[in-house]
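So the structure is just underneath, and the comments pick up after that.
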């Protein structure tokens, strides 16, 4: 089902891997990444695939979802951004090739955009939208409210997880927006398309 999207992304400078399931994707990335420093952005997709546990057995992995006792989460985020490899999911990806992410602290969108030598973007089929407008809409009105609810934020969107209210709540998580129009220069970008619904 990914043939056209794969070609579109390759034309925009990305390497593209396709898998039938998150388990298969995790197995493949585990085999590709060895003896490296790896950073992971906030990602339910990574959580659901079990990729962290695999990679942590033979790489140095920094992920603020797994903060060692006594360590400041900010230190973990900073170490993740300085890693050789960065892994994140996306909030929306358009069939026309644009990749959209919304972030709170900005650590994830910053690391995706600049720093690591290789960036892997994990994409469940539920993240795919027909065009840029739809991908942006999905990021704002599907992914962000579900993440706000998961994080127990006191925002209007978290109540029903139904849409963005463009709120001014101190708990608002929609503070940064990143759009990759094409693969940025200076790093290798690998989009991993997975034929399974994963993450938000």
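The values are calculated or read from the model by the stated rules, or taken from the named source; none is laboratory data. Keep in mind it's a predicted model, so treat the numbers as computed, not measured. Every residue, glycine among them, receives a Cβ derived from its backbone with ideal geometry; neighbour counts consider all protein chains shown.
Return yes when residue 67 is without any contact (Cβ under 8 Å) to a residue 12 or more places away in the chain and either in a helix (DSSP H, G or I) or over 13 Å from residue 191 (Cα atoms) (or both) and no when it is not.
Yes; evaluated as a whole, the condition is true for this residue.
When the stretch 44-55 is examined, which residues are found to be farther than 13 Å from residue 124 by Cα and crowded, with 16+ Cβ neighbours inside 10 Å?
Across the stretch 44-55, the qualifying residues are 51, 52, 54, 55.
Taking into account only those residues within the stretch 8-43 that are in a helix (DSSP H, G or I) and either modelled with pLDDT under 95 or touching a helix residue (DSSP H, G or I) at 6+ places or on another chain (Cβ under 7 Å) (or both), which is surrounded by the most Cβ atoms within 10 Å (Cβ to Cβ)?
25
I'm trying to understand the selection: among the residues of the stretch 98-112, which are in a helix (DSSP H, G or I) and surrounded by 21 or more Cβ atoms within 10 Å (Cβ to Cβ)?
If the condition is that a residue be in a helix (DSSP H, G or I) and surrounded by 21 or more Cβ atoms within 10 Å (Cβ to Cβ), then 107, 108, 109, 111, 112 are the ones that fit.
Can you tell me which of 148, 134, 139 is part of a helix (DSSP H, G or I), touching a residue at least 24 places away in the same chain (Cβ under 8 Å) and over 16 Å from the mean Cα position of the chain (by Cα)?
Residue meeting the stated conditions: 134.
Of everything in the stretch 184-200, what is in contact with a helix residue (DSSP H, G or I) (Cβ under 8 Å, 6 or more places away or on another chain) and part of a loop (DSSP other than H, G, I, E, B)? Give them in sequence order.
184, 195, 196, 197, 198, 199, 200
Would you be able to say whether some residue in the stretch 175-190 is buried (at least 19 other Cβ atoms within 10 Å of the Cβ), under 30 Å from residue 36 (Cα atoms) and free of Cβ contacts under 8 Å to residues at least 60 places away in the same chain?
No; the residues of the stretch 175-190 include none that is buried (at least 19 other Cβ atoms within 10 Å of the Cβ), under 30 Å from residue 36 (Cα atoms) and free of Cβ contacts under 8 Å to residues at least 60 places away in the same chain.
Can you tell me which residues in the stretch 152-163 are in contact with a helix residue (DSSP H, G or I) (Cβ under 8 Å, 6 or more places away or on another chain), surrounded by fewer than 20 Cβ atoms within 10 Å (Cβ to Cβ) and not in a helix (DSSP H, G or I)?
Answer for the stretch 152-163, where residues must be in contact with a helix residue (DSSP H, G or I) (Cβ under 8 Å, 6 or more places away or on another chain), surrounded by fewer than 20 Cβ atoms within 10 Å (Cβ to Cβ) and not in a helix (DSSP H, G or I): 152, 161, 162, 163.
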